[in-house]
Amino acid sequence: MSARTTEVIQQPQRLHTALPELEDGEQVSFADLVLAHHLRQRRMYEAAGSNAYDVALAELADRAYQTRLERFQAEHGTIKRAYWCTYEISAVAITEQEARLPWWRLRRTEMRRGMHAETDWATRDSPELAHQLHKIDNLAVRADEILRGTSEKIVMQLLLAAASHVLSYVDREHGPPHAPDAIKRIVARSEAELADIRQHYRRAGENSSRIVYAGGMLRGVCLLAALTASAGLILWAANDFHRHRMATWTLLATIAAGGMGAAVSVLLRMAKGSFSQDYEVGRKTTRRLAMARPFVGAAFAVMIYLLLKSGLVDIGGLKSNQQTIYFYSAVGFLAGFSERWARVIVGGVIGGDEPSTKPLGGQHKSGAASGAASEADLSTDAG
């Protein structure tokens, strides 16, 4: 037992001074809980095979700890795994708590995990090891914000194991090691372990980002469909279907095809592994960006539709009477599927210099030739 711990608990009266009764509504931090656990464990060890006085003190310490544990878990969730130091007032723990989701989410609750660490006492004389534990804590904060479900559970438990390994070196009766070579070996082992966890976190973050993006894009498609249907009902109420039946149906079909093309483009890129999205921008930001993707595809589809109707561009060399609703739907799908292809069409009208307009078969892509865009041009950036 370290000297400062002996000072805290060597006199029976110190127990009451260190752990006062909690007031109603008083919150318990993890540092308070760690102190209560440490004093309780020391009293339990001393009471084993001892007199009734030490047993009474151990019961008081256990009651104080259980009270604080109940308050802490009510706020932060149940402690599932933990490492409690024996000789130092330090610990790390993982909590699980069921969080309520907004009413519009299909799942009303989800399990959230958090890592709590109180290690300053144990590493006060070892700045290198303290810095290593702070790295682990930093990664735990990022994992808590980005990951969910099984991936979050795995990363959190790996981080707890890494922190426990470092604490096991400093939680010694005679204090942490002070030899520079020994500290370097400990840091090197911890860095190797942390590198593997970072790699797993990056893979899990990328996969999580894809899932969030796909879910947000599905919501965007549903929202676009609802708005398109509402616009159709408004036009129907205004008798526009009777006056411009084919033009109205064609415009609505083009909008829907553009949104679907954008969604299919992203899904194909995810399947090929070429989709990239910064997963640390946050789940909400990623979801909102994904919801806008079908609307961007629909906007490009409407723009190409208007250009074709105005005669500014010609795709496929078809006459106006041959450009049916199926033709415009296909063109709208391509416009949503490939923003690059759509930019080539628009660039041909405004005289823009598109980097993708390379010679094809000895001729530059013009309005008619751009309808046969290559597969590379159709593989637009989904982000």
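Before moving on, here are some points about what is shown:
- For region 199-316, the C-alpha radius of gyration sits at 1.30 times the compact-globule guess of 2.2 N^0.38 Å, with N the residue count.
- 19 Å reach of a label modelled at Leu312, 7 Å along Cα-to-Cβ, counting backbone N of region 266-296: 296
- A DSSP coil position with no more than 14 other Cβ atoms inside 10 Å describes the following trypsin sites (Lys or Arg not before Pro) in region 254-339: Lys319.
- Förster radius 30 Å - calculated FRET efficiency between Ala31 and Ala179 (Cβ-Cβ, nearest 0.05): 0.50
- Hydrodynamic radius of region 180-248 per Kirkwood, over alpha carbon pairs, in Å: 17.0 Å
- In order through region 159-171: 3J(HN,Hα) via Karplus (6.51 cos²θ - 1.76 cosθ + 1.60), integer Hz, x for Gly, Pro: 5, 5, 5, 5, 5, 5, 4, 5, 5, 5, 7, 9, 7
- Were the residues from Gln66 through Thr109 laid out at 0.36 nm apart, the gain over their Cα-Cα distance would be 12.7 nm.
- Loop-located GluC sites (Glu not before Pro) in region 90-194 (DSSP state other than H, G, I, E, B) with a sparse environment of at most 15 neighbouring Cβ atoms within 10 Å: Glu173.
- Convex hull of alpha carbon positions in region 261-346: directionally averaged projected area 6.3 nm².
Where a number appears in this text, it was derived from the coordinates with a stated rule and is not lab data. Please read all numbers here as calculations on a predicted model, not as lab measurements. Quick reminder, even Gly has a Cβ in these numbers, built from the backbone with ideal geometry, and neighbours come from all protein chains shown.
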